[in-house]
Structure formats: C-alpha cells, structure tokens
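Worksheet for the structure shown next.
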Amino acid sequence: MFRQASRLLSRSVAVASSKSVTSRAFSTELPSTLDSTFVEAWKKVAPNMDPPQTPSSFMKPRPSTPSSIPTKLTVNFVLPYASELSGKEVDMVIIPASTGQMGVLPGHVPTIAELKPGIMSVHEGTDVKKYFVSSGFAFLHANSVADIIAIEAVPLEQIDPSQVQKGLAEFTQKLASATTDLEKAEAQIGVEVHSAINAALSG
C-alpha cells in the first residue's frame with residue numbers, strides 16, 4: 001500500500017512540475033475594466049442591474065517600470081485622516097521597518113515593509129524632514145514609487161520632550177501596577193511608544 005501511495009505521489013509531483021507556471025501580474029498592472037466573463041454571468045443573473053464596481057475600477061494603473069533608474073524617488077505619505085506627502089519627489093526616505101531602519105533610494109527592489117514606532121526621515125537635497133510614526137506599512141514599487149501608510153505621524157519638531165518624559169513615567173508606573181493582561185498590554189504599548197519617541201528626540 002505504501003509503495004503504491006509513493007508511486008502515485010511521485011507521479012503527481014512529476015506531472016505538476018512538467019506544467020508551465022505562468023506569472024501573475026501585479027495588482028497595479030491589471031486593467032481597470034471588469035472581467036468580461038463576470039459581466040456576462042452577472043447579466044444572466046441580474047439583467048436589469050449594472051455590474052458592481054470593483055476596487056480595480058477606481059485604481060489608476062501605475063506607470064510602467066522605467067528602463068533606467070530615476071534620479072528621484074516619488075513618495076506618497078498618507079494617514080487615515082490626512083495626506084502628508086502626495087507625489088513628492090525626494091532623494092531618499094529612511095523608514096523604521098520592523099526589521100530595522102531601511103533606506104529607500106530610487107530603484108529600490110519592490111518590497112512591503114511593516115513599520116514600527118520610530119523616526120521616518122525624508123531627504124530632499126540638504127533638507128531633511130523627520131516624522132515620528134506609530135505603525136503602518138510601506139509599499140515600495142518597481143517604478144521608484146513609495147506608498148507609506150501610517151496610523152499616526154507627527155513632525156518631530158512638534159513633539160514636546162517634557163511631555164514624552166511625563167508619559168513614559170506614567171506608563172511605566174501603570175505597567176508595574178497592572179493586574180490584568182489587558183492593562184499590561186496597554187501599558188507595555190505606551191512604554192514602547194514613549195521610549196521610541198524619547199530615543200528619537202535624544203538621538
């Protein structure tokens with residue numbers, strides 16, 4: 001029985017490996033029109049209703065990847081309630097990725113990076129703009145476009161160091177006196193965020 005199973009398994013693996021694998025296009029390269037098969041199926045079920053719009057219908061396709069590396073990095077930096085940077089051309093961005101500080105230059109390999117509490121700096125010539133970000137994600141595209149989405153972000157110069165020290169002391173005390181898992185988790189987050197802000201200001 002085991003010999004037969006192993007032969008069948010090896011045969012299925014060989015068949016699967018012999019099939020050609022087609023690469024799937026990135027979502028930003030997909031056409032914005034609805035799939036014709038879906039539209040036809042929809043009309044059969046609900047002929048009196050227009051087909052629903054999908055997210056791709058509202059997306060503008062990304063420009064094609066240039067043959068040469070651009071001299072500038074295009075940055076879109078957005079928050080849930082505001083857009084900090086839109087189509088800003090800069091020389092470099094340094095983001096606080098969960099794996100460590102990540103420098104992003106034009107021509108960076110496509111990457112999705114999770115952000116941790118820390119400093120994000122935007123470099124444009126000799127001008128450097130620094131933000132403290134709480135968390136989020138950075139989407140680095142092959143066409144030298146960086147989409148950075150943060151939950152909270154504050155320009156570093158707007159942060160009061162005395163308030164940071166006060167908040168760090170309060171959350172440290174809450175962590176020491178916490179009795180439930182929820183209280184400990186909330187206090188730990190407060191300590192980590194305020195510690196990151198304090199390190200950024202002192203650094």
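The values are calculated or read from the model by the stated rules, or taken from the named source; none is laboratory data. Keep in mind that this is a model prediction, so the values were computed, not measured. Reconstructed Cβ throughout: ideal geometry from the backbone, glycine too, with neighbour counts over all protein chains shown.
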Note on S177: of the conditions (1) touching a strand residue (DSSP E or B) at 6+ places or on another chain (Cβ under 9 Å); (2) more than 13 Å from H194 (Cα to Cα); (3) not β-branched (V, I, T), unmet is (1)
Tell me whether the stretch 129-137 contains one or more residues that are farther than 17 Å from I149 by Cβ and over 11 Å from the mean Cα position of the chain (by Cα). yes
Can you find a residue that is among the hydroxyl-bearing types (S, T, Y), loosely packed, with under 12 Cβ neighbours inside 10 Å, modelled with pLDDT of 60 or more and closer than 28 Å to E89 by Cβ anywhere in the stretch 55-65? yes
Identify, from the list G167, G136, the residue that is in contact with a strand residue (DSSP E or B) (Cβ under 8 Å, 6 or more places away or on another chain) and small (G, A, S). G136
